[in-house]
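Worksheet: the structure to be examined is printed underneath.
The values are calculated or read from the model by the stated rules, or taken from the named source; none is laboratory data. Owing to the predicted nature of the structure, the values given are computational and were not obtained by experimental measurement. Glycine gets a Cβ as well: all are built from the backbone with ideal geometry, and neighbour counts include every protein chain shown.
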Amino acid sequence: MKRRNFIKKASATGLGLVAVSSTIISCDETKSSEKKAFVSTSKTKTIKPLVIATWKTDLAVETAAKYLEQGSSALEAVEQGCRIEEANEKGQSVGKGGLPDRDGNVTLDACIMDEKGNYGAVLGVKNIKHVISVARKVMEDTPHVMLVGEGAEKFALEKGFKKENLLTEASKKAWEKWKEKSEYKPIINIENHDTIGMLAIDKKGNISGACTTSGLAYKMAGRVGDSPIIGGGLFVDNEVGGASATGLGEEVLKTVGSFLIVELMRQGKSPQEACEEAIGRIVNKPGKNFKDFQVGYIAVNKQGETGAYSIHEWFSYNLYKNKENKNIKSDFFNKA
């Protein structure tokens with residue numbers, strides 16, 4: 001009797017295990033089908049092209065938007081948009097006409113990043129105006145991610161870029177006036193800008209970004225800021241979003257600001273919340289006197305939500321969304 005009862009109990013337990021196992025398999029199959037359905041839905045979702053860029057860069061953003069509306073990739077759009085500012089001689093902080101270092105040499109930095117995580121950058125380049133395009137060539141035509149100084153210039157010339165004098169008469173006069181006192185300190189930009197960082201989402205929903213600058217005015221020869229450094233001036237993760245920085249590069253680099261913002265968005269924060277926390281990481285450091293320098297961030301996530309935040313007022317950004325291009329004043333930390 002005892003043996004019979006044991007066999008019955010074992011059989012019942014076995015049946016229970018089979019039932020439980022079949023239930024687990026059934027749940028997994030349901031989850032799998034739900035996941036497939038979600039992926040299918042996301043693929044068919046209509047994506048509206050979007051461009052966001054630091055400062056008042058109407059024409060640059062308008063140019064990038066035209067490329068997107070015509071079906072071009074986000075990568076192509078940000079490159080072409082940034083080229084507009086590099087050719088703008090009136091803007092004394094990007095491309096030709098940029099303010100020189102303390103020795104009177106204009107040196108340019110740039111980087112670009114695509115939806116696959118590929119990245120290219122050039123640092124401290126003289127005599128070449130469209131360094132954003134050189135950065136893209138580094139990304140696509142070399143096994144490297146960075147080229148510096150004379151090596152970057154040589155590479156650009158080999159690729160067919162034209163050599164030209166980047167120091168305009170206006171920038172030269174400004175440099176000569178600066179030399180009268182030679183005060184070396186960061187300038188908090190109010191209406192001018194010191195970098196163009198640009199992020200875009202194309203019709204396929206892919207995100208790319210670009211950043212180009214002539215760097216800190218009257219810097220020491222050889223100085224490089226955050227703009228061409230991955231994770232500093234720019235970072236893109238196509239699964240999450242992208243971010244770009246402007247302002248005093250040394251402070252951005254100390255907190256790896258753009259990478260930080262993307263990782264905060266990965267954790268569930270909105271682009272706005274992520275930008276605000278990134279600024280907080282700078283201003284809340286013990287003993288930090290943030291009153292003499294500016295940092296500003298822009299960000300976009302995969303859903304097309306955007307954010308922007310800076311230490312001081314005066315920072316603005318251009319946003320192209322729903323076929324409208326607007327310049328928007330950023331919210332800021334220092335309201336005292």
(message) Here are the criteria: (1) in contact (Cβ under 8 Å) with a residue 40 or more places away in the chain; (2) more than 26 Å from K203 (Cα to Cα). Tell me which single one G242 does not satisfy.
(response) (2)
(message) Of all residues being over 13 Å from Q272 (Cβ atoms) and aromatic (F, W, Y) in the stretch 295-332, which is surrounded by the fewest Cβ atoms within 10 Å (Cβ to Cβ)? Just the residue, please.
(response) W314
(request) Kindly establish whether I132 is outside any helix (DSSP H, G or I) and on the phi < 0 side of the Ramachandran plot. (result) no
(request) Can you tell me which residue among I132, I128, I112 is free of Cβ contacts under 8 Å to residues at least 40 places away in the same chain, aliphatic (A, V, I, L, M), touching an Asp or Glu at 6+ places or on another chain (Cβ under 7 Å) and assigned by TED's automatic domain parsing to the domain that holds D237? (result) I128
(request) Among the candidates G151, G120, single out the residue that is at pLDDT 95 or above, more than 21 Å from the chain's Cα centre (by Cα) and either farther than 30 Å from S182 by Cβ or assigned to a helix (DSSP H, G or I) (or both). (result) G151
(request) Output the number of residues of the stretch 206-229 satisfying the condition of being under 30 Å from G71 (Cβ atoms) and surrounded by fewer than 20 Cβ atoms within 10 Å (Cβ to Cβ). (result) 1
(message) For the list (1) buried (at least 24 other Cβ atoms within 10 Å of the Cβ); (2) under 18 Å from the mean Cα position of the chain (by Cα); (3) assigned to a loop (DSSP other than H, G, I, E, B), I need the number of the one condition that I112 fails.
(response) (3)
(message) Could you list, ordered by first residue, the pairs with Cβ atoms under 8 Å in which the first is in the stretch 257-280 and surrounded by 18 or more Cβ atoms within 10 Å (Cβ to Cβ) and the second is basic (K, R), at least 6 apart or interchain?
(response) G257/R281; L260/R281
(message) Pull out all pairs, ordered by first then second residue, where Cβ-Cβ is under 8 Å, the residues are six or more apart or on different chains, the first lies in the stretch 142-165 and is assigned by TED's automatic domain parsing to the domain that holds V122, and the second is among the charged types (D, E, K, R) and part of a helix (DSSP H, G or I).
(response) F155/K137; A156/K137; K159/K137; K159/D141; K163/E153
(request) Considering only the stretch 242-253, state which residues are within 9 Å of the chain's Cα centre (by Cα) and either part of a helix (DSSP H, G or I) or of a type outside the set (S, T, N, Q) (or both). (result) G242, A243, A245
